[in-house]
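The values are calculated or read from the model by the stated rules, or taken from the named source; none is laboratory data. This structure is a prediction, so every number in the text was calculated from the model and none was measured. Cβ placement follows ideal geometry from the backbone for every residue including glycine, while neighbour counts extend to all protein chains displayed.
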Amino acid sequence: MAIFHADDTRPIYVQIAEWLETEILNGNFQSNEKVYSQYQLAEMYNINPATAAKGLNLLVEEKILYKKRGLGMFVTESAKELIMEKRRTHVLTRLIRDVVLEARRLNISDNELVEMIKNVQKEEGEE
């Protein structure tokens, strides 16, 4: 159940937030369903509860989770859409930019790059 990568330079609380986002996208948490508490996350991943709380609060700020006083954190109705939009506009754009820049450095044409993407899609069975 490891979510942390040794070579990842992002703070642990960001990794916790992204892991929870992925859990929501994968359908492991539905709208209005309670997510793990900071103490459960701390125990699961052997981290400080304050670090786990910071990851949860990041998702509250982004309106992916909401707090019910005394009950915990819950998934918002629009969580899945918010996560998908965020990842499209930020994560995917950054990754594509990195790929395009690397392709330029290696003198790979646009057509070659598109073919490489299509080949990866075939390998992953997503065509």
query = Residue check, GLN121 against (1) part of a helix (DSSP H, G or I); (2) polar (S, T, N, Q); (3) under 25 Å from PRO11 (Cα atoms), all met but one. Which one?
reply = (3)
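Listed here are the residues, each with its yes/no results for (1) of a type in the set (A, V, I, L, M); (2) under 27 Å from ASN28 (Cβ atoms); (3) surrounded by 10 or more Cβ atoms within 10 Å (Cβ to Cβ); (4) outside the structural domain of TRP19 (by TED's automatic domain parsing).
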{"position": "GLY72", "(1), (2), (3), (4)": "no, yes, yes, no"}
{"position": "ARG87", "(1), (2), (3), (4)": "no, yes, yes, yes"}
{"position": "LEU92", "(1), (2), (3), (4)": "yes, yes, yes, yes"}
{"position": "LEU95", "(1), (2), (3), (4)": "yes, yes, yes, yes"}
{"position": "ASP98", "(1), (2), (3), (4)": "no, no, yes, yes"}
{"position": "ALA103", "(1), (2), (3), (4)": "yes, no, yes, yes"}
{"position": "ASN107", "(1), (2), (3), (4)": "no, no, no, yes"}
{"position": "ILE117", "(1), (2), (3), (4)": "yes, no, yes, yes"}
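Only one of ARG94, ARG104 is within 19 Å of the chain's Cα centre (by Cα) and in a helix (DSSP H, G or I). Can you tell me which? So that I can check it myself, show each step before the final result.
Working: ARG104 fails: within 19 Å of the chain's Cα centre (by Cα).
Answer to the selection: ARG94.
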message = Cβ-Cβ distance below 6 Å, separation of 6 or more or different chains: which pairs start in segment 70-98 with a residue that is over 17 Å from ILE117 (Cα atoms) and in contact (Cβ under 8 Å) with a residue 60 or more places away in the chain and end on one that is assigned to a helix (DSSP H, G or I) and charged (D, E, K, R)?
response = ILE83/GLU21
